[in-house]
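Visitor: I'd like to ask some things about the structure below.
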């Protein structure tokens, strides 16, 4: 299983992950935007989309689902960094977003997206939090493995270019 973080992680095996990919390594493959029209236009580009607002825009989700080439990035960092009722709101946003992704069959990548070492969680802790968001164990496993497809595409492009 894989994780995505904003920092370099020296020993991913201690966290229970095969590999922790940094956002720098993903480079232009990762698009961070809350512009839903832009995400719908780029849906066929094979990119990972991180919309930090997690607005339930059905057109955007269906656009990515219909393309079959791109996926959404769903993180834990926004939940971990929040306190009190803000944490509950962040979890519920992600839960509803994942519910829509499942309904419209939009691929999603689960990750911690940790901005510092204090936000890193091991594989089991991440799985437990995502299960609170309504995901079954097999959906969680698939979500953590999904990033592997995008890493393979990146390696193939580097080999060609």
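Visitor: Quick one: how many residues across the range 32-42 are outside any loop (DSSP other than H, G, I, E, B), surrounded by fewer than 16 Cβ atoms within 10 Å (Cβ to Cβ) and in contact with a helix residue (DSSP H, G or I) (Cβ under 9 Å, 6 or more places away or on another chain)? Talk me through it step by step, then tell me what you get.
Guide: Initially, the range 32-42 is screened for residues outside any loop (DSSP other than H, G, I, E, B), giving 32, 36-42.
Next, only the ones that are surrounded by fewer than 16 Cβ atoms within 10 Å (Cβ to Cβ) stay: 32, 37-38, 41.
If we keep only those that are in contact with a helix residue (DSSP H, G or I) (Cβ under 9 Å, 6 or more places away or on another chain) too, we end up with 32, 37, 41.
Adding up the residues that qualify gives 3.
Visitor: Turning to a different aspect of this structure: If I ask for residues that are in a loop (DSSP other than H, G, I, E, B) and within 13 Å of residue 113 (Cα to Cα), which ones from the range 1-31 would you list? Step through it out loud before you land on a result.
Guide: Start the filter on the range 1-31 by keeping residues that are in a loop (DSSP other than H, G, I, E, B), which leaves 1, 6-11, 16-18.
Selection gives 6, 7, 8, 9.
Visitor: Could you list, in sequence order, the residues of the range 43-57 that are outside any loop (DSSP other than H, G, I, E, B) and buried (at least 19 other Cβ atoms within 10 Å of the Cβ)?
Guide: Start the filter on the range 43-57 by keeping residues that are outside any loop (DSSP other than H, G, I, E, B), which leaves 43-45, 48-50.
Passing the criteria: 43, 48, 49, 50.
Visitor: Quick check on this structure: which one of 74, 64 is closer than 22 Å to residue 27 by Cα, surrounded by 18 or more Cβ atoms within 10 Å (Cβ to Cβ), modelled with pLDDT of 95 or more and in contact with a helix residue (DSSP H, G or I) (Cβ under 9 Å, 6 or more places away or on another chain)? Full working, then the answer.
Guide: Working: 64 fails: modelled with pLDDT of 95 or more.
Just a single option satisfies the conditions, and that option is 74.
Visitor: Looking at (1) surrounded by fewer than 14 Cβ atoms within 10 Å (Cβ to Cβ); (2) within 24 Å of residue 10 (Cα to Cα), which one does residue 88 not meet, given that it meets all the others?
Guide: Residue 88 satisfies every listed condition except (2).
Visitor: So residue 118 clears everything in (1) surrounded by 13 or more Cβ atoms within 10 Å (Cβ to Cβ); (2) within 25 Å of residue 8 (Cβ to Cβ); (3) out of contact with any helix residue (DSSP H, G or I) (no Cβ under 6 Å at 6 or more places or on another chain) except one condition, right? Which one?
Guide: Only one criterion is unmet by residue 118, namely (1).
Visitor: Looking for whichever is under 20 Å from residue 23 (Cβ atoms) and more than 12 Å from the chain's Cα centre (by Cα) here; the options are 110, 76, 120, 100. Which one fits?
Guide: Numbers: 110 fails: more than 12 Å from the chain's Cα centre (by Cα); 76 fails: more than 12 Å from the chain's Cα centre (by Cα); 100 fails: under 20 Å from residue 23 (Cβ atoms).
Going through 110, 76, 120, 100 in turn, the sole match is 120.
The values are calculated or read from the model by the stated rules, or taken from the named source; none is laboratory data. Quantities reported herein were computed from a predicted structural model and do not represent experimental measurements. No Cβ is skipped: glycine too gets one built from the backbone with ideal geometry, and neighbour counts run over all protein chains shown.
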